[in-house]
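As structure tokens, the structure follows; a few thoughts come after it.
What follows draws every value from the coordinates through simple rules; no lab data is involved. Everything quoted here is computed from the prediction, not taken from an experiment. With ideal geometry, Cβ positions are generated from the backbone for all residues, glycine too; neighbour counts draw on all protein chains shown.
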Amino acid sequence: MANKALIITFSEAIKAGSAFSSIKVTNPDGVRVNPLYKVINGKTLTLTRNGNYINGLTYTITLPTGSITDTAGNTINTYTSKFKIDTTKPTITSINPTNTATKVARNKAIKVTFNENIKASSSYWVELVASNGSKVSIKKSISGKVLTITHTARLAANTKYSLIIHTGAVTDATGNPVAARTFTFTTGRT
């Protein structure tokens with residue numbers, strides 16, 4: 001997270017107040033993160049540091065009373081907000097049917113469980129492909145940590161299928177993308 005910008009958006013145009021230099025970001029021990037560069041542009045305050053935030057730690061942003069004003073000179077009251085650094089990608093903890101399973105029911109939905117809540121990315125690229133290379137029409141849904149894949153038609157009997165979850169198909173709440181994974185299973189007769 002080197003040089004990661006923190007952007008705070010206000011409801012109206014802002015300018016630096018008398019306590020502008022007191023705006024700070026602190027680590028969990030209350031130690032000020034330095035240097036911290038502060039830039040105002042219209043309604044936004046951008047805070048950038050020259051260095052890394054540490055994954056897993058919670059930091060606090062403090063805008064003291066008088067640090068920001070609107071264009072008429074009205075000051076904000078003290079504002080604080082916490083944020084946690086998360087650069088860890090979501091990982092798959094289980095899949096049902098299991099990888100390389102055989103005699104899988106031809107109408108079985110596939111459930112992929114992750115170690116944390118996930119959301120669809122802009123690509124949301126997940127494929128179900130038969131051993132002959134034909135792609136199966138699927139529907140995808142997410143509930144918390146679980147990605148469910150249902151096929152719109154019954155799968156062929158005694159056929160090997162590959163479930164391909166492409167890199168970034170889903171992300172965690174902070175946008176960390178899942179790594180690509182492929183799982184296989186073989187259907188049964190029914």
What ³J(HN,Hα) values, in whole Hz, does the Karplus curve 6.51 cos²θ - 1.76 cosθ + 1.60 give for the range 97-111 when θ = phi - 60°, with x put for Gly and Pro? x, 5, 4, 6, 4, 10, 6, 6, 4, 5, 10, 6, 6, 9, 10
So what's the Cα pair-distance distribution over the range 101-141, bin width 10 Å, in %? 19, 51, 28, 3
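Given Cβ point charges of +1 (Lys, Arg) and -1 (Asp, Glu) and nothing else, what value in debye, to the nearest 20, does the dipole of the chain about its Cα centre take?
Result for the chain is approximately 840 debye, rounded to the nearest 20.
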Long-range alpha-carbon pairs in the range 92-187, meaning those over 22 Å apart, account in percent for 23 percent
Lysines near Lys145 by alpha-carbon distance under 21 Å, same-chain residues fewer than 8 away left out - which ones? Lys84, Lys89, Lys108, Lys111, Lys119
Can you tell me the convex hull volume per residue for the chain, based on C-alpha atoms, in Å³ to the nearest whole number? 136 Å³
Coarse-grained scattering of the range 1-111 at q = 0.12 Å⁻¹, given as base-10 log I(q)/I(0) from a Debye sum over alpha-carbon atoms: -0.53
